[in-house]
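Novice: Here you go, one structure.
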Amino acid sequence: MMTLERIVPAGLRGIAATLLITGVAHSQFSNNTADIPTSGSANSSKTENLDFGDVDLDGDWDAVFADGGDTDQDQNRIWINRGPGANLGKFQDETGSRFPAINDQSRDIEFVDFDNDSDLDLYISDTAALVAQGNRWWRNSGTGTGIYVDETSSRWVGLAGPNSSIAPNQILGDGTFIDFSCDCDFGDLDNDGDMDLFHSSYGGVFGGQVPSRIFLNDGNGFFEEFNPSGFQLSGQTIQTNNPGIWCEGTQQSDTTNTNGTRCDIASSALDIDIGDIDGDFDLDILHGARQEQPRMFENRLSETGTLAFRDVSNSAFPSGWASGNGHYEQEMGDLDGDGDLDIYGLNWLAGFGFNDCTLRNTGNGTYNSLTTLSGSSSDDNEGDFLDYDNDGDLDLFVANFSGQDKLYRNNNNGGSGFSFSQVSFPSSSNTALDADACDVDGDGDYDIFVANDFNVANRYFENTTQTPDTHAPYIPNVEQAPDRAADSEPTVIRAQVYDNAPYYITWYNPTTLTYTVNGSGGATVPALSSGGQIFRAEIPGTEVGTIAYFFSSADEYGNTGTSAPLDFVATGDTSTGTPFCFGDGSGAACPCGNLGGTGSGCQNSSGSGTTLGATGDASIASDTLSLEAQGLPTGVPGMFISGTSSLGGGNGIPYGDGHLCAGGAIKRLEVVLASGAGTAASSVTISSIDGAASGETRYYQLWHRDPAPGACGSGFNLSNAVEISWIN
């Protein structure tokens, strides 16, 4: 994914190294040419970048490739893993049937579920080096199909509009904008549960004067620029003293300011990394720069309450953190297992012979121990972390543009520090621009794909150790939820999840949050990746009491790690109306002898009865009323109903496996689906849908399906009821 415009390696290679290089250990990789396409357009292009993902949801890793780069208009490609079964790990080119027929100058390709429909979409970073063009959105057209359609024109929102920094003269007819993008990354920057876009630009002829930008997801996969400054450029480039668009302060190249007065959001960025460097669970930005010093931007969402970024490069990094030219790439990972993100900087010390380096995170987002990586003084292009030897720590593979690719073993082995020693690797002296690692053949170890330029075939280096991964993910840091008053808003909690795997593989770990209320019960809700090392989960805000919670994460081999437990207290009675018609035996007996708990309806197949409550204001004018149910069987459909009177003197009448309590003129209000935690809440304006007037009383209830009916065999049940008296 890097430029063809390279710097001739300097002859100075004598820097004292503090990291050991041995060159004697054997890495057990073989160059597998039998299981990938080897000829023709399927594997003979100018490939800049690759990514792994399960595009067809069949349980194995497929591969996509960004082709073209600076010198060619080309077709991006997709290789489908032919597993599961005997053909697992054998790839077939299916570009013609799965990808839009578009030739462009692609430099990066990223998997992301941008529309939240549980399949993997694609974002393509293009460069306008030869032809005016911009980045593209490709949507996976249906769950499990893996067939992509170009939706570039519809996914961008408001380009060059009132909230955009993009000049109108940069907009193209296909709905995108002219840019020179080499790498873009996704993460939930504003902590609202969807994936936002950080879009970098290196500028025309690598000028470093076109700003990087942020685009926020509206939750449905439509992206509008985050531009709190309100400033709009007149052309492509940003000038000194212009507002920092998305960053605090005004623009100044190579600024040393760290208090928010100045920032540098325009440099020759060839690589972007997202992760929480300072332990506040917000996603920060490590911003690469080819000829300038790489930069760090702190996300200040936790500090300010709203999304904001500050350039903290000169306070985060030690003096001399990068020098010279040719800083093509960097990676963040927990190299010493202490629960924070360290940095590998490829060619960061380029002033002295293209030396790579490592920096250690002190735990608060500042870095020290700037150390030269021995044997690295060559024209490297891409680094990637993986645990090739299954000892539990992150090793390093380095793809080289003009020489031999290299593999380094991390000698941490569970210790408190890290060091790297080079090990042998098969001959691979090509023009490598990218490398990614995953277990493509399902044998428990991590394999490597290498993307090559100049129409040289991409490589598949198969790990032949076949040693199963036995190391569980670890979750050292979990967000402490504050004590709160219960209401309809969920409690959002985040956790840092690490594993001995590439971060883009850990993203797919099945991860959950489990919670109890006052020491009883127990519900599990999904935790989804926010990008970086962060996972995010929601506890229903209607829970009241001491709520204890912990996270669990499992890798693809079933190794499972859990966090330490935390708790918070949710207090206050925010309920509205009067609950009645319980299935606890205080009124009419449940029709099947299936008594529910205190305050609920008759018992259902979840083991409890469904409890209905109401929160908010029962005012016709403001109507913030919400109906909220708990104790439902997971995933069942239900319907909120209302009646103009109550039945059975407030005890209801037998109906299915429960009691029908709402009577008179009954209305169907809203169909809902129970969550994984067995909860459901209304999303409509109740008084408007119900037609209630001031002074009128209504009786509300939830009817729901039940997949395991009780003795009555009806297949449905009901909650208790709530009486609401409406006012103006």
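The values are calculated or read from the model by the stated rules, or taken from the named source; none is laboratory data. Note that the structure is predicted; figures quoted are calculated from it, not measured. Please note: Cβ atoms are built from the backbone with ideal geometry, for glycine as well, and neighbour counts cover all protein chains shown. Ligands, DNA and RNA are excluded from the accessible area calculation, which covers all protein heavy atoms including side chains. Shrake-Rupley method; radii C 1.70, N 1.55, O 1.52, S 1.80 Å.
Novice: Applying the selection to segment 280-316, what residues are open to solvent by 30 Å² or more (accessible area, probe 1.4 Å), in contact (Cβ under 8 Å) with a residue 12 or more places away in the chain and small (Gly, Ala, Ser)?
Specialist: Across segment 280-316, the qualifying residues are 302, 315.
Novice: Let me ask you something else. Given the structure, is residue 474 open to solvent by 10 Å² or more (accessible area, probe 1.4 Å), among the aromatic types (Phe, Trp, Tyr), under 21 Å from the mean Cα position of the chain (by Cα) and under 24 Å from residue 63 (Cβ atoms)? Give the derivation first.
Specialist: Numbers: open to solvent by 10 Å² or more (accessible area, probe 1.4 Å): yes; among the aromatic types (Phe, Trp, Tyr): yes; under 21 Å from the mean Cα position of the chain (by Cα): yes; under 24 Å from residue 63 (Cβ atoms): no.
Here the answer is no, as residue 474 does not meet what is asked.
Novice: Test residue 492 against the stated conditions and say whether it is assigned to a strand (DSSP E or B), modelled with pLDDT of 95 or more, within 25 Å of the chain's Cα centre (by Cα) and closer than 30 Å to residue 619 by Cα.
Specialist: Details: assigned to a strand (DSSP E or B): yes; modelled with pLDDT of 95 or more: yes; within 25 Å of the chain's Cα centre (by Cα): yes; closer than 30 Å to residue 619 by Cα: yes.
In short, yes.
Novice: For residue 519, are the conditions met, namely being open to solvent by less than 10 Å² (accessible area, probe 1.4 Å) and modelled with pLDDT under 95?
Specialist: Numbers: open to solvent by less than 10 Å² (accessible area, probe 1.4 Å): no; modelled with pLDDT under 95: yes.
Answer is no for this residue.
Novice: What pairs come out if I take residues in segment 675-694 that are closer than 24 Å to residue 725 by Cβ and pair them with residues that are in a loop (DSSP other than H, G, I, E, B) and of a type outside the set (A, V, I, L, M, F, W, C) whose C-beta lies under 6 Å away, six or more apart or interchain?
Specialist: Qualifying pairs under 6 Å: 685/623; 687/623; 694/728.
Novice: Report yes if some residue within segment 450-459 is open to solvent by less than 10 Å² (accessible area, probe 1.4 Å), in a strand (DSSP E or B), free of Cβ contacts under 8 Å to residues at least 60 places away in the same chain and within 22 Å of residue 356 (Cα to Cα); otherwise report no.
Specialist: Taking every residue of segment 450-459 in turn, at least one turns out to be open to solvent by less than 10 Å² (accessible area, probe 1.4 Å), in a strand (DSSP E or B), free of Cβ contacts under 8 Å to residues at least 60 places away in the same chain and within 22 Å of residue 356 (Cα to Cα).
Novice: Check off (1) at pLDDT below 95; (2) in a strand (DSSP E or B); (3) on the phi < 0 side of the Ramachandran plot for residue 325 and give me the number that stays unchecked.
Specialist: If we test residue 325 against (1) at pLDDT below 95; (2) in a strand (DSSP E or B); (3) on the phi < 0 side of the Ramachandran plot, just (2) comes out false.
Novice: Now for a different question. Identify, by number, the condition in (1) part of a strand (DSSP E or B); (2) under 29 Å from residue 516 (Cβ atoms); (3) open to solvent by 50 Å² or more (accessible area, probe 1.4 Å); (4) not hydrophobic (A, V, I, L, M, F, W, C) that residue 634 doesn't meet.
Specialist: Result: residue 634 passes all but (1).
Novice: Which of the residues that make up segment 88-131 are open to solvent by 60 Å² or more (accessible area, probe 1.4 Å) and touching a residue at least 12 places away in the same chain (Cβ under 8 Å)? Can you show your working first?
Specialist: Of all residues in segment 88-131, those open to solvent by 60 Å² or more (accessible area, probe 1.4 Å) come to 90, 92, 96-97, 101, 103, 116, 118, 130-131.
Passing the criteria: 90, 92, 97, 101, 103, 116, 118, 130, 131.
Novice: Out of the residues in segment 610-623 that are more than 16 Å from residue 640 (Cα to Cα) and touching a residue at least 40 places away in the same chain (Cβ under 8 Å), state the one that is most open to solvent (accessible area, probe 1.4 Å).
Specialist: We begin by selecting, within segment 610-623, every residue more than 16 Å from residue 640 (Cα to Cα); these are 616-623.
Cutting the leftovers down to touching a residue at least 40 places away in the same chain (Cβ under 8 Å) gives us 616-621, 623.
Details: 616: 39, 617: 64, 618: 11, 619: 9, 620: 59, 621: 92, 623: 20 Å².
Step by step, filter segment 610-623, then rank; the result is 621.
Novice: Looking at segment 393-412, I want the residues that are under 14 Å from residue 452 (Cβ atoms) and assigned to a loop (DSSP other than H, G, I, E, B) and have a partner that is open to solvent by 10 Å² or more (accessible area, probe 1.4 Å) and modelled with pLDDT of 90 or more with Cβ atoms under 8 Å, at least 6 apart or on another chain. Which pairs are those?
Specialist: Qualifying pairs under 8 Å: 404/425; 405/425.
Novice: Right, next: Within segment 541-564, take every residue that is under 16 Å from residue 480 (Cα atoms), assigned to a loop (DSSP other than H, G, I, E, B) and in contact (Cβ under 8 Å) with a residue 60 or more places away in the chain and give me the one that is most open to solvent (accessible area, probe 1.4 Å).
Specialist: 564
Novice: Please go through segment 38-55 and pick out each residue that is surrounded by 20 or more Cβ atoms within 10 Å (Cβ to Cβ) and either in a strand (DSSP E or B) or not polar (S, T, N, Q) (or both).
Specialist: Quick first cut of segment 38-55, residues surrounded by 20 or more Cβ atoms within 10 Å (Cβ to Cβ) only: 42-43, 45-53, 55.
Once the filter is applied, which keeps residues that are surrounded by 20 or more Cβ atoms within 10 Å (Cβ to Cβ) and either in a strand (DSSP E or B) or not polar (S, T, N, Q) (or both), segment 38-55 yields 42, 46, 47, 48, 49, 50, 51, 52, 53, 55.
Novice: Could I ask something else about it? Of all residues in segment 342-384, which are among the hydrophobic types (A, V, I, L, M, F, W, C) and open to solvent by 10 Å² or more (accessible area, probe 1.4 Å)?
Specialist: Of the residues in segment 342-384, the ones among the hydrophobic types (A, V, I, L, M, F, W, C) are 343, 346, 348-350, 352, 354, 357, 359, 370, 373.
Those that are among the hydrophobic types (A, V, I, L, M, F, W, C) and open to solvent by 10 Å² or more (accessible area, probe 1.4 Å): 349, 350, 352, 370.
Novice: For residue 137, which of the numbered conditions (1) surrounded by 22 or more Cβ atoms within 10 Å (Cβ to Cβ); (2) modelled with pLDDT of 95 or more; (3) in a loop (DSSP other than H, G, I, E, B) fails to hold?
Specialist: Looking at each condition in turn, residue 137 falls short on (3).
Novice: Just need a number here: residues in segment 65-87 that are buried (at least 19 other Cβ atoms within 10 Å of the Cβ) and in a loop (DSSP other than H, G, I, E, B).
Specialist: Residues meeting the conditions: 4.
Novice: Answer yes or no as to whether residue 114 is touching a Lys or Arg at 6+ places or on another chain (Cβ under 8 Å) and either modelled with pLDDT of 95 or more or in a loop (DSSP other than H, G, I, E, B) (or both). Can you show your working first?
Specialist: Numbers: touching a Lys or Arg at 6+ places or on another chain (Cβ under 8 Å): yes; either modelled with pLDDT of 95 or more or in a loop (DSSP other than H, G, I, E, B) (or both): yes.
Here the answer is yes, as residue 114 does meet what is asked.
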